Amino acid sequence: MTINNTTQASYTRVNTQSQNTSSANTQQVATTRDTASFSEAAKQLAQEHVHSQSGASGTWSQSPAQSTQQNTQASTTDLQSLLMKSILSAYSNSGSQNSKSMNLTA
Amino acid sequence: MYTHKFEAFTTLCELQLESDCELSANILADDILFHAKRLETNYSYFNENSELYQINHRDQNSLHVSDEFAGLLQLALFYSEITNGAFDVAMAGTLKDKRENYEVIIPFASSACMKIDGNILTFSNSITKIDFGGLVKEYAVDQSMLILQLAGITSALVNFGGDIAVIGTCEGEKWSIGIQDPLNEHENIEIIKLEASSLCTSGHSKRYKEIDGKRFSHIITLEKNDLKQISIIAPTTIDAGVWSTALLANPELQLPNHIKIVSKVL
């Protein structure tokens, strides 16, 4: 199954012989998410905020309405902070020459 | 694998996620939809109720903005600086739908005309406007992926109108993403195997306005070049989206090491 990446507003899903397509692996380590540290931070945040209301472990046991109403304010700020940390981390790890410009506050 | 589809940011959005609980998958999809709609509303250029609209139609040049707006603008200013102005939310906002008097307006179409200090946004003039169009959808994709990861999901795809982020695998295989031929929408020019990263494509061929028989791209480029479409892989969707837009405006930009061009159409 291949998902289409397009620049247009609508898109279609197409079936291709994805197993046989040429795939010189363009992926390089530097371009990937730092999933290890990212997941660790996410786990910590999840413990602090997301699951704090439910008392349950492992799943989001609240209804969507409860979940969004109770957690939106905190989680919006935390999500933004996590995102900025992730972006900054990518620039730091890539040894960007633009480090002088990195005045984001995560 | 659970699949959810909805509309936001005037485009089709799709989630695919691996979960052993349908209820959890549905709750996550609802949460992502809620945040996508919230971002779409809050940062709409045209919606009179959006925070952005209020700021663009201000009656004073120093304003208090929300925490999230301040963070987004910080990001936008950061990207404006590292792309040497090729990605500029003030240029996009100030020149949007303007087809004449360019020379008069251009000095105000720059991020240099505003600064953010905490929650205080100050403009140097009343003309400069902001358009988060090239940032918020990508931000929403990253936020969606974060929500999934926070909930313990390890394999998922988020696709908001072609701005794509993935983690894990699709039924044991790397995610397979087709990049559409800008000249033939029924064909893919390339298939990319994506793993724990994001892919965005920018081009002039799909989103444009036609005025008096002449096409105007949704991406404003002051200097013409031959690039029709470019696709970028990056660790975050914001990075992929910003750099694909910036490169379309200026193909000579030097890229940070973690940003990779995977496809170009001249």
Next on the checklist: As an exercise: evaluate B:HIS186 against (1) under 24 Å from B:ALA165 (Cβ atoms); (2) within 9 Å of another protein chain (Cβ to nearest Cβ); (3) modelled with pLDDT under 85 and give the number of the one condition it does not meet.
Outcome noted: (1)
Item to check | Looking only at the stretch B:1-37, and only at residues there that are within 17 Å of the chain's Cα centre (by Cα) and at the interface with another protein chain (Cβ under 8 Å from one of its Cβ atoms), the one that is surrounded by the most Cβ atoms within 10 Å (Cβ to Cβ) | outcome: B:HIS35
Checklist entry - Restricting the search to the stretch B:229-266, which residues are in contact with a helix residue (DSSP H, G or I) (Cβ under 6 Å, 6 or more places away or on another chain), assigned to a helix (DSSP H, G or I) and among the polar types (S, T, N, Q)? => result B:THR237
Checklist outcome for this item: Filter the stretch B:1-55 for residues that are in contact (Cβ under 8 Å) with a residue 12 or more places away in the chain and among the acidic types (Asp, Glu); the one that is farthest from B:ILE130 (Cα to Cα) is B:GLU22
Checklist entry - Under 6 Å by Cβ, and 6 or more places apart or on different chains, what pairs join a residue from the stretch B:243-266 that is away from every other protein chain (no Cβ under 12 Å) with one that is β-branched (Val, Ile, Thr) and assigned to a strand (DSSP E or B)? => result B:LEU247/B:ILE230; B:LYS264/B:ILE230
Checklist entry - In the stretch B:37-55, which residues are within 17 Å of B:VAL89 (Cα to Cα) and in contact with a strand residue (DSSP E or B) (Cβ under 7 Å, 6 or more places away or on another chain)? => result B:GLU40, B:ILE55
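The values are calculated or read from the model by the stated rules, or taken from the named source; none is laboratory data. Owing to the predicted nature of the structure, the values given are computational and were not obtained by experimental measurement. Ideal geometry is used to build each Cβ from the backbone, glycine not excepted, and the neighbour counts take in all protein chains shown.
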